[in-house]
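Here's the structure, in structure tokens; my notes come after.
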Amino acid sequence: MTATLDRAAAPQNAAAGAIPSFDVTLKIRRYLPDDGAGAPEPYWDEFTVRAHGTDRVLDALHKVKWEEDGSLTFRRSCAHGVCGSDAMRINGRNRLACKTLLKDLDPSKPIIVEPIKGLPVIKDLVVDMEPFFASYREIMPFLITTGNEPTKERLQSAEQRERFDDTTKCILCAACTSSCPVFWTDGQYFGPAAIVNAHRFIFDSRDEGGAQRLEILNDKEGVWRCRTTFNCTEACPRGIEVTKAIQEVKRAMITRAF
Amino acid sequence: MQTHQYDVVIVGAGGAGMRAALESSTRVRTAVISKLYPTRSHTGAAQGGMCAALANVEEDNWEWHTFDTVKGGDYLVDQDAAEVMAKEAIDAVLDLEKMGLPFNRTPEGKIDQRRFGGHTRNHGEAAVRRSCYAADRTGHMILQTLYQQCVKNDVEFFNEFYVLDLLVDHDLAAGHVPDGEEVNVSGVVAYELATGEIHVFQAKSVVLATGGAGKIYKTTSNAHTLTGDGMALAYRRGIPLEDMEFFQFHPTGLAGLGILLSEAARGEGGILRNSEGERFMERYAPTIKDLAPRDIVARSMANEVREGRGAGPNKDYVLLDLTHLEPAHIDAKLPDITEFARTYLGIEPYTEPVPVYPTAHYAMGGIPTNIEAEVLRNSTDVIRGLYAAGEVACVSVHGSNRLGTNSLLDINVFGKRAGISAAAYASTASFVELPENPAATVVAGLEEIRTRPDGDRVADIRKALQETMDLNAQVFRTSESLTQALEDIKALHKRFRRVSVQDKSKMFNTDLLEAVELGFLLDIAETVVVGALNRDESRGGHFREDFPDRDDKNYMRHTMAYRRPLPVKGHRLWGTDGDGDHKGSFAHTTVFDDYQLVLGSKPVTMTRYQPMERKY
Ligand SMILES: Cc1cc2nc3c(=O)[nH]c(=O)nc-3n(C[C@H](O)[C@H](O)[C@H](O)COP(=O)(O)OP(=O)(O)OC[C@H]3O[C@@H](n4cnc5c(N)ncnc54)[C@H](O)[C@@H]3O)c2cc1C
Ligand code: SF4
Ligand code: FES
């Protein structure tokens, strides 16, 4: 037994399937890797699929892969916006395919799907994430403490815990970093996601590594490269105030002596 | 082909795998192989919490926790394992806090705790606050924190590598190996997604931590990648799978989608209502109502729908009502799940009740282990060097029904134990010789699928499997429905032999890997259905309408599902010399095209608690 919302053309429940089936066209940027026979060129491919009211871009991509062209390649896992696998450029904006409902995208026009920018494309919508994770690892993304551990938990007030709540939500999807014009032109820039994760520890009352992290981010490829264009904040699928976090790190650099 | 040599190889980088890695990598040379980048693992989707009797907000102790776990599992729990877990829970939570996990806090600055289904004070008197949590993203914070510690400790990962075979010196699925004879693990074979290259890892110890198998069902809270790989790899080598018929259906999946809304919603005061607005759980579990264990709540919901009291245009779901809670309280405690309702159904939980229906959630069964996380090949013999922990394993702390918050606990407690045991064994053992041509089976299998010009589509077979499982092996089961499911699975196995993929390339061929994963799903589904068909009783997550009562006399034992070769005329029949306890209610064999599934059983370990009727 399975409850199905999409067969419910629900008059009394506007949310559940009020939008019946419709057709959408996906215009997808494709790239097939070099198999030794010379450097391949990226190209555009179009597919039209039938969608339902609650379908997301990920559902449409799956439909293409499962029913039309099995070679279409993209990453995905959780399918509800918590694992960070499927950040892509959808109609020119970075979003998670699994969190973007088709009905919210104006299905009368083709939906343009491209890989995120600034990272090397491996195949179709899959990019090499290693440079992104390398920056993350560099800011020492782990709790740093000195002295003996307490017997029980470290104490932290609810207010202290609240201070860094926002930046603990990061799922490392790279939507922010790959929407940043500074990162596009200078791949060495740490990028917003690494700074968000540094923020998560710098403002944690239990952490004692703030000075070291601030020093790393004071580097010429660090926070000062940020030009506050807010692309990152707009792109973040977790609703993290990324630009604000970067500003707070900048301020900490000025006010905290290290 | 590349070959590697490590003392310990851990397969899976979810909570269990990384917790094991933190122990093992500081002791011996360790590699972690994962088909996903570690932070993509489904542990990150866990919401509600991880329980431990810290007694930070009210009186509590580990013995009450053990009792709740045993009773929650309808007495099919191995009580020694439950006791270990409840005792070590306290340190497991404190360990995570010390690693930096941002738990919610009490006014005194201690780790805050909240209520969760089935967790009670003093053996069932009333709900107790035992779940430690970080808003409704506890799993996310556990996964991030463990990964952070792995970065700190420079743990070596092989990411986007799929393990496709388990290497042992005696293939138990190929021929008879007498009880008591030594069987050793020698390594694994993996496939590198980016290049299509094969890697053979020789290891003294292997830890399987590949998570669950929810994708055998259509409506599920599980990720697309939860395809039961580790269970299937073990099963294909003749290692038994334990209690596979017990699959948990979580009451509150978003209707039609299966996306989970944590039990924390009810822990924080949410109420389930039928189309008449009635709080129907008062009828089914008068004492703890909406916070009864999941199997009971899921069945009650399905029953309301069957009896015509479902809500919505098709009367096929019930409603989770949060509208009486303060919006500020919801924002502080349940921000993510209320956002799911808004994003995916367009429902505003402040003012509207949310449509929900049970969703396939958790495999209670898995690879049998003892409390040291060593894998068992029958009721008593271990496979030397092989360990399993997390959802892939069955220790069995969950019995026939897992309590909420006990899995994040399980992965931490037994993940840690697996890491310690694997490293300890590796530091004394020597490498076992690899079989000749260790990757031959994997390479042949992959090439066959990749190069088959045309045939059946992966998606079609998978959809047919998921639909028959949803229809015939879900919350309510009968001999008839399960027989149908088994027939369907056999037919799908045949179609799978003709499966073909469209992507013929070698690099990043996810089309090919989806086909391989489908093979795993079919194997897992057959063990679930055969186990369910044989168990003529109702217990925990397994409810047979034709046998609605628990039958301790015949079924108070763990089911063990063994893959064995087809009988050859004149050879001994498997099970005839008593191996695997293939007798009594478990003397059951199902013949497939190339092998047979032979059931056996394993006794339940009882220490303090005698089975009682389970009432809430
Ligand atoms: C939505 C949701 C909410 C939940 N909420 C809670 C909760 O609040 N409290 C609670 O206690 N429990 C909860 N659970 C259950 C709990 O989260 C899981 O049971 C647990 O996290 C499983 O952890 P794991 O480490 O065993 O597996 P996973 O985290 O799933 O990790 C599996 C790993 O194995 C790897 N892998 C798989 N196959 C292969 C292969 N062939 N080769 C290489 N690597 C492979 C994957 O890449 C991954 O790294 C929830 C579950 C879900 C789905
Ligand atoms: S800050 Fe937001 S956009 Fe950036 S990586 Fe984290 S979750 Fe993704
Ligand atoms: S698939 Fe996990 S975030 Fe989209």
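Odds and ends about this structure:
- Boolean, A:P107 is away from ligand 3 (no atom under 16 Å from the Cβ) and within 24 Å of A:T54 (Cα to Cα): yes
- The stretch B:253-269: number of residues that are over 13 Å from B:A292 (Cα atoms), in contact with a Leu (Cβ under 7 Å, 6 or more places away or on another chain) and open to solvent by less than 10 Å² (accessible area, probe 1.4 Å): 5
- Leading residue by the ranking (farthest from A:Q156 (Cα to Cα)) among those in the stretch A:203-225 that are within 16 Å of ligand 2 (Cβ to nearest atom) and open to solvent by less than 10 Å² (accessible area, probe 1.4 Å): A:V223
- Neighbours by Cβ (under 7 Å, 6+ apart or cross-chain): first from the stretch B:137-165, among the aromatic types (F, W, Y); second part of a helix (DSSP H, G or I): B:Y147/B:M18; B:Y147/B:P38; B:Y147/B:T39; B:F157/B:P38; B:Y162/B:L513
- The set of residues from the stretch B:223-248 being within 13 Å of chain A (Cβ to nearest Cβ) and open to solvent by 10 Å² or more (accessible area, probe 1.4 Å) comprises B:H224, B:T225, B:L226.
- Annotation note: of A:T177, A:T185, A:T167, the sole residue that is within 11 Å of chain B (Cβ to nearest Cβ) and either within 16 Å of ligand 2 (Cβ to nearest atom) or open to solvent by 50 Å² or more (accessible area, probe 1.4 Å) (or both) is A:T167.
- Within the set B:Q474, B:Q466, B:Q484, the sole residue that is surrounded by 16 or more Cβ atoms within 10 Å (Cβ to Cβ) and outside any helix (DSSP H, G or I) turns out to be B:Q474.
- Here A:A134 does not qualify as modelled with pLDDT of 95 or more and either in contact with a Gly (Cβ under 7 Å, 6 or more places away or on another chain) or at the interface with chain B (Cβ under 7 Å from one of its Cβ atoms) (or both).
- Conditions (1) within 16 Å of ligand 2 (Cβ to nearest atom); (2) more than 10 Å from every other protein chain (Cβ to nearest Cβ); number of the one not met by A:T100: (2)
- Meets criteria (under 29 Å from B:T483 (Cα atoms), more than 16 Å from ligand 3 (Cβ to nearest atom) and open to solvent by 20 Å² or more (accessible area, probe 1.4 Å)) for B:R283: no
- Some residue of the stretch B:369-388 being more than 19 Å from B:A232 (Cα to Cα) and within 15 Å of ligand 1 (Cβ to nearest atom): no
- Applying the condition of being of a type in the set (A, V, I, L, M) and within 14 Å of another protein chain (Cβ to nearest Cβ) to the stretch B:193-215 and asking which residue is most open to solvent (accessible area, probe 1.4 Å) yields B:A194.
- Test: residue in the stretch A:150-165 that is in contact with a Leu (Cβ under 8 Å, 6 or more places away or on another chain) and more than 16 Å from ligand 1 (Cβ to nearest atom): yes
- Residue within the stretch B:54-70 that is within 13 Å of ligand 1 (Cβ to nearest atom), modelled with pLDDT of 95 or more, in contact with a Cys (Cβ under 8 Å, 6 or more places away or on another chain) and within 14 Å of chain A (Cβ to nearest Cβ) present: no
- Yes/no for B:L96 being open to solvent by less than 10 Å² (accessible area, probe 1.4 Å), touching a strand residue (DSSP E or B) at 6+ places or on another chain (Cβ under 9 Å), facing chain A (nearest Cβ under 10 Å) and touching a residue at least 40 places away in the same chain (Cβ under 8 Å): yes
- So A:E114, is it open to solvent by 40 Å² or more (accessible area, probe 1.4 Å), away from ligand 2 (no atom under 16 Å from the Cβ) and either of a type in the set (A, V, I, L, M) or facing chain B (nearest Cβ under 9 Å) (or both): no
- Only a single item in (1) surrounded by fewer than 13 Cβ atoms within 10 Å (Cβ to Cβ); (2) farther than 27 Å from A:M88 by Cα; (3) in contact (Cβ under 8 Å) with a residue 12 or more places away in the chain is not met by A:T228, and it is number (2).
- Condition check for B:G14: within 16 Å of ligand 3 (Cβ to nearest atom) and within 30 Å of A:I202 (Cβ to Cβ): yes
- Among (1) farther than 14 Å from A:M140 by Cβ; (2) within 15 Å of ligand 2 (Cβ to nearest atom); (3) not polar (S, T, N, Q), the one test that A:I195 misses: (1)
- Scanning the stretch A:205-247 for residues being farther than 27 Å from A:G147 by Cβ, part of a helix (DSSP H, G or I) and among the acidic types (D, E) gives a total of 1.
- Matching option when the condition is within 13 Å of another protein chain (Cβ to nearest Cβ) and either assigned to a loop (DSSP other than H, G, I, E, B) or at negative phi (or both), among B:S505, B:S430: B:S505
- Verdict on B:L22 being closer than 18 Å to B:T225 by Cα and open to solvent by 10 Å² or more (accessible area, probe 1.4 Å): no
- Condition check for B:K494: closer than 30 Å to B:S538 by Cα and assigned to a helix (DSSP H, G or I): no
- Qualifying residue in the stretch A:144-160 (condition: closer than 20 Å to A:C83 by Cα, within 11 Å of chain B (Cβ to nearest Cβ) and open to solvent by 30 Å² or more (accessible area, probe 1.4 Å)): no
- Identity of the residue in the stretch A:65-84, more than 7 Å from chain B (Cβ to nearest Cβ) and open to solvent by 10 Å² or more (accessible area, probe 1.4 Å), that ends up farthest from ligand 1 (Cβ to nearest atom): A:E68
The values are calculated or read from the model by the stated rules, or taken from the named source; none is laboratory data. Since we're looking at a predicted model, the values are computed, not measured. Quick reminder, even Gly has a Cβ in these numbers, built from the backbone with ideal geometry, and neighbours come from all protein chains shown. Accessible surface areas use protein heavy atoms only, side chains included; no ligands, DNA or RNA. Shrake-Rupley method; radii C 1.70, N 1.55, O 1.52, S 1.80 Å.
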